[in-house]
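The structure appears right after this line, and notes come after that.
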Amino acid sequence: MKFGETSMGSGERIRAAAELIRRERASRPVTVVVSAMSKITDLLLDTLRAAEHGDSAAVAAGVATLRERHLAGCRELLAGEKLAETAREVEGIVAEFGLIAGGVSMLGVRPPASVDQAVATGERLSAAIIAAHLTAAGTPARAVNARDVIVTDAFFGNATPFMEPTRQKAAAVLAPLLEEGVVPIVTGFNGATADGRPATLGRGGSDFLASILGAALDAAEVYIWTDVDGIMTADPRLAKDAAVLDEVTYREAAELAYNGAKVLHPRTLAPLVERHIPVWSKNSFNPAVPGTKIVQEIRAAGGPRAVTSMSGVALISLEPRSAVVSGTRIVARALEGLASASVELLAMTSSSYRQSFSLLIRQDDLRRAMASIEAALSLELAHGYLEPLEVNEKVGLLAIVGEGMQGAPGWAGHIFMAISREGVNVIAIAQGSSELTIAVVVSREGLEKAVRAVHAECHMGENARAHSGSN
Ligand code: ADP
Ligand code: ASP
Ligand code: MG
């Protein structure tokens with residue numbers, strides 16, 4: 001069971017999470033993964049940025065808020081000796097964060113490895129508090145630092161786990177606790193390199209950590225507890241009539257996650273697919289509703305099922321100026337550039353007539369991507385075989401997902417009609433060979449409008465409600 005930031009948002013929310021753990025544990029062993037308390041990861045990152053700029057007042061304020069939020073949580077949940085003991089533990093972890101922030105201030109730099117070590121303190125604090133609360137209330141639990149379980153590469157800030165060593169560590173560290181009847185409370189978000197340096201799995205990475213552990217422990221099921229009733233036909237903040245999908249396939253869920261549905265971290269499903277371990281997306285604020293079950297196959301529902309969107313993206317265009325150069329070679333070089341800078345390609349489109357190509361990436365990766373592509377194509381650019389690279393940051397990605405679109409003609413027409421009726425400019429279109437997703441790059445200012453228009457045009461909300469029959 002993984003509890004996200006809002007599900008760990010306050011003493012009251014932690015109490016509710018503990019109750020869900022207790023209830024489940026009454027029938028079978030449970031391993032828990034926790035996120036930091038809500039907004040704490042942002043606070044830690046902001047404080048480190050302030051430290052880098054030598055803003056000591058902001059650092060002191062950040063550390064004070066960190067301390068206060070967690071001590072308040074302790075006071076709400078614990079009493080007597082357990083309170084004193086846990087408060088000391090909280091003070092110790094906060095002090096460690098303060099030391100790293102102090103080092104960053106002194107040096108005026110924020111090395112990625114130090115950021116990862118510092119930012120992992122959010123999850124250590126929440127794990128310590130819920131473990132103490134569970135134990136005090138009669139369910140033995142122990143906080144486990146994921147550093148001691150999850151073995152990763154050294155790509156700080158977005159590390160990838162190595163499954164085999166992780167499996168061995170999970171067996172050595174977690175299995176004995178489970179056998180003793182102790183609930184392991186594993187910190188989300190982070191692991192460590194084989195030589196013990198803490199590394200985080202990327203923002204929102206606690207979902208991914210839960211699925212890594214689920215696979216390593218051969219779990220029967222993985223529950224991702226969050227603040228919405230499950231995976232919905234659209235982000236409920238954008239489309240008011242979005243409805244919960246009672247079942248989706250691994251492939252649909254992965255497409256939605258990769259295309260911006262924040263409800264699941266994009267890499268969550270990969271470790272579970274081959275073992276066919278089902279994943280549930282559930283609401284800790286409303287545990288009575290079943291949520292969404294993510295499985296291998298479902299009774300096919302026709303047509304597009306959900307729409308998701310991503311802002312914060314940029315489109316890089318490559319246009320050969322001369323027929324002397326092969327467009328294919330240019331794309332190959334550009335992709336090599338992206339790969340060597342570890343930049344993820346979100347979508348790619350091409351036009352064969354003018355041999356122009358566009359690559360969609362995250363804005364956060366743009367500087368690195370441009371430097372790397374320009375280096376890879378330096379000769380072509382220097383000789384004028386290629387137009388200077390063009391970047392458009394005023395774009396957004398819209399993705400329409402559904403297994404039922406495969407081999408069913410006509411959906412693209414509906415979708416583009418709906419977008420054009422809103423007067424939103426379509427800049428590029430990409431459809432994977434699986435026909436599971438239609439990805440559309442639109443002007444940024446039209447993105448939200450396009451989501452609502454496509455959601456309504458394809459009757460996604462109504463179809464989901466009719467299918468579940470319950471909501
Ligand atoms: P947690 O802290 O529990 O990991 P997140 O904030 O990361 O929670 O993810 C949950 C949020 O994802 C929801 O509050 C919702 O606004 C957003 N979201 C975006 N797209 C979807 C979708 N298709 N279905 C459900 N939620 C979505
Ligand atoms: N707390 C981390 C973050 O905000 C990890 C997570 O909650 O999934 O990115
Ligand atoms: Mg999340």
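The values are calculated or read from the model by the stated rules, or taken from the named source; none is laboratory data. The structure presented is a predicted model; accordingly, all values stated were derived computationally and were not measured. In this analysis, Cβ positions are derived from the backbone assuming ideal geometry, glycine residues included, and neighbour counts consider all displayed protein chains. Quick note on the areas: whole protein, heavy atoms, side chains included, nothing else; ligands and nucleic acids left out. Shrake-Rupley method; radii C 1.70, N 1.55, O 1.52, S 1.80 Å.
For this structure, a couple of remarks:
- Accessible carbon and sulfur surface of the chain relative to its total accessible area, %, 1.4 Å: 53
- Pairwise FRET efficiency - Val295 versus Phe155, Cβ, R0 = 35 Å, nearest 0.05: 0.70
- Cα centroid separation, region 70-132 to region 413-471 (Å): 43
- Rolling a 1.4 angstrom probe over the protein heavy atoms with all chains in place gives region 93-252 an accessible area of 36 Å² per residue.
- Most simply put, the chain has about 65% antiparallel DSSP beta bridges, counting only bridges with both residues inside it.
- Calculated FRET efficiency for the pair Glu81/Ser434, C-beta based, R₀ 60 Å, to 0.05: 0.55
- Crossing angle, helix 121-136 versus the chain [Cα axis fit, 0-90 degrees, rounded to tens]: 40
- Stretching Leu107 away from Glu68 to a fully extended chain increases their span by 11.3 nm, per 0.36 nm per residue minus the current alpha-carbon distance.
- Gain upon complete extension [Asp218, Gln363; 0.36 nm per residue less C-alpha separation]: 48.5 nm
- Counted residue by residue at 0.36 nm each, then reduced by the alpha carbon distance between them, the extension gain from Glu462 to His414 reaches 15.6 nm.
- Projected label distance in nm at Asp42 and Ser311, using a 7 Å step from Cα toward the beta-carbon: 1.3
- Principal axis dimensions, largest first and in whole angstrom, of region 296-419 by Cα: 55, 31, 29
- Once the Cα atoms are used to define both axes, helix 163-180 deviates from the longest principal axis of the chain by about 30 degrees.
- In this structure region 262-406 gives 49 Å² per residue of accessible area when probed at 1.4 Å with all protein chains present.
- Spacing of the two label points (7 Å from each Cα toward its C-beta) at Glu179 and Ala57, in nm: 5.7
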